[in-house]
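A.B. asks: Dumping the structure here so I can ask a few things about it.
What follows draws every value from the coordinates through simple rules; no lab data is involved. These numbers were taken from a predicted model, which means no experiment stands behind them. Quick reminder, even Gly has a Cβ in these numbers, built from the backbone with ideal geometry, and neighbours come from all protein chains shown.
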Amino acid sequence: MRPARALIDLQALRHNYQLAREVSGAKALAVIKADAYGHGAVHCAQALEAEADGFAVACIEEALELRAAGIQAPVLLLEGFFEADELPLIVEHGFWCVVHSLWQLDAIERANLAQPIQVWLKLDTGMHRVGLHPTDYKIAYQRLQASANVAKIVLMSHFARADELDCTRSEEQLAVFQAARADLSAEISLRNSPSILGWPAVPSDWVRPGLMLYGSTPFEEAQAQASRLQPVMTLESKVISVRELPAGEPVGYGAKFITSKPMRIGVVAMGYADGYPRQAPTGTPVLVAGQRSQLLGRVSMDMLCIDLTDIPQAGLGSSVELWGKNILASEVADKADTIPYQIFCNLKRAPRLYSGS
């Protein structure tokens, strides 16, 4: 059996959720959209349901998957509904729903619902992706409050640059939010992973931990609270071939790496078809036989090459950690000029094995 696999530590997941609660002092919706960032939404929800205040997903399809698996906790639809005919399903399954556009508000007012729903009213405070304009916000709140189809309203927004700890943009967005929601009586939700960890002064009755749940830092620099996170996913495989090469030999497609001295090269059963980033260059760290080493040459669809020259104990069958508790996903992402979110979400083919349930 091909040795590539992703080990998912559910106890680490619970630790990170508890950290989000501890640091924020707020209720926390565990964000498990995009199949829990590649970690498996159903397994992650099952591991957290006993203690989670609820979950957040992108769309109703993801929410229905959780209900089909028996998850009964509240589930927030972060993009709301895309068509008005989703509203009866939202009612039937007790989903909470973000409203970010006036057409969604109109649809709720016109709908004939069996019971009222909980609405999270989103304000565009400057990210300019989705959310109501500040001039529409108070009126939208009042319309929702007057509607028999609405049971409760939570006020929310989303920070665009909270992962930049020296940037004032989050404070500017907070000021826009506070001005727009003046005199509105409702719980609020502002803090995502970077603002939970790095912006303690931002008020939030509800927080929405996403990346931090999976144990990866959202920051480029060291940060005290982020250092307490525990990686949840370990992507690993094994050396399936060893090559002894003299100086001057090319390795892999395109001859992107040429040996400068006699070298031992290990071939690992892992490639971009598994989700490992193809753009990861020579020098990207790996752990082989318990020792740090590096990627050599271009990543192939099913294989990649690593340096075994100074690791005599490593050879055929040696275990290789591509990222996890020793090689952080953020290190790999940085080398590959991407972000941990993407490399987690790109995971495929490599089977997920769960522990800590």
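A.B. asks: Provide the per-residue ³J(HN,Hα) series for segment 129-140, in order, calculated from phi with Karplus coefficients 6.51, -1.76, 1.60 and θ = phi - 60°, each as a whole number of Hz, with x at glycine and proline positions.
C.D. replies: So the J values, rounded to whole Hz, are 10, 10, x, 6, 5, x, 6, 9, 5, 5, 5, 4.
A.B. asks: Right, here's the next one. For segment 228-328, restrict the atom set to alpha-carbon positions and state the Rg and Dmax in Å.
C.D. replies: Spelled out, the Cα radius of gyration and Dmax of segment 228-328 are 12.9, 44 Å.
A.B. asks: In whole Å, how far is the Cα centre of segment 216-248 from that of segment 175-213?
C.D. replies: 31 Å
A.B. asks: For residue 117, what residues show an amide H to amide H distance below 5 Å, using hydrogens built from the backbone and excluding near sequence neighbours?
C.D. replies: Placed amide hydrogens put 150, 151 under 5 Å from residue 117.
A.B. asks: To continue, here is another question. From the helices alone, meaning DSSP H stretches of at least four residues, give me the mean residue ellipticity at 222 nm for the chain, per-run term -39500 (n - 2.57), in deg cm²/dmol to the nearest 500.
C.D. replies: When only DSSP H runs of four or more count, the value is -7500 deg cm²/dmol.
A.B. asks: Something else: Return the subset of 261/335; 33/238; 33/152; 33/325 for which the Cα-Cα distance in this structure is over 28 Å, preserving the input order.
C.D. replies: Cα-Cα > 28 Å for 33/238; rest within.
A.B. asks: Which cross-chain or sequence-distant (5 or more) residues have an amide H under 5 Å from the amide H of residue 55, H modelled 1.01 Å from N in plane?
C.D. replies: 30, 75, 76
A.B. asks: Then there's this: Please state, to two decimals, what the Cα-based radius of gyration of segment 10-216 comes to when divided by 2.2 N^0.38 Å (N = residues).
C.D. replies: Dividing the Cα radius of gyration by 2.2 N^0.38 Å gives 0.98.
A.B. asks: Additional query: Taking amide hydrogens as modeled 1.01 Å from N in the peptide plane, which residues meet the under 5 Å criterion relative to residue 318, leaving out close sequence neighbours?
C.D. replies: 239
A.B. asks: Just to compare against my own numbers: the Cα pair-distance distribution for segment 131-276, 10 Å bins, whole % per bin, please.
C.D. replies: Binned Cα distances yield the sequence 9, 25, 19, 17, 13, 9, 6, 1.
A.B. asks: A further question follows. Per-residue HN-Hα couplings for segment 183-194, Karplus 6.51 cos²θ - 1.76 cosθ + 1.60 at θ = phi - 60°, whole Hz, x for Gly and Pro?
C.D. replies: For segment 183-194, the Karplus-derived couplings read 6, 9, 9, 6, 5, 10, 9, 10, 9, 9, 3, x Hz, x marking Gly and Pro.
A.B. asks: Let me ask you something else. For the chain, what proportion of DSSP beta bridges, expressed in % and rounded to the nearest 5, is antiparallel?
C.D. replies: For the chain, the DSSP antiparallel bridge percentage is about 50.
A.B. asks: What does the convex hull of the Cα atoms come to per residue for the chain, in Å³?
C.D. replies: 143 Å³
A.B. asks: Something else now. What does the convex hull of the alpha-carbon atoms of segment 87-192 project to on average, in nm²?
C.D. replies: 6.7 nm²
A.B. asks: I've got another one for you. Angle check, please: helix 10-24 long axis (alpha carbons) against the longest principal axis of the chain (alpha carbons), in degrees 0 to 90, nearest 10.
C.D. replies: Here the helix axis deviates by roughly 50 degrees.
A.B. asks: Limiting things to C-alpha atoms, what are the Rg and the maximum Cα-Cα separation (Dmax) for segment 11-87, in angstroms?
C.D. replies: Cα-based Rg and Dmax for segment 11-87 come out at 12.5, 39 Å.
A.B. asks: Provide the packing ranking of 284-294, 319-329, i.e. peptides ordered by the mean count of other C-beta atoms within 10 Å per residue, highest first.
C.D. replies: By packing density, highest mean first, the sequence is 319-329, 284-294.
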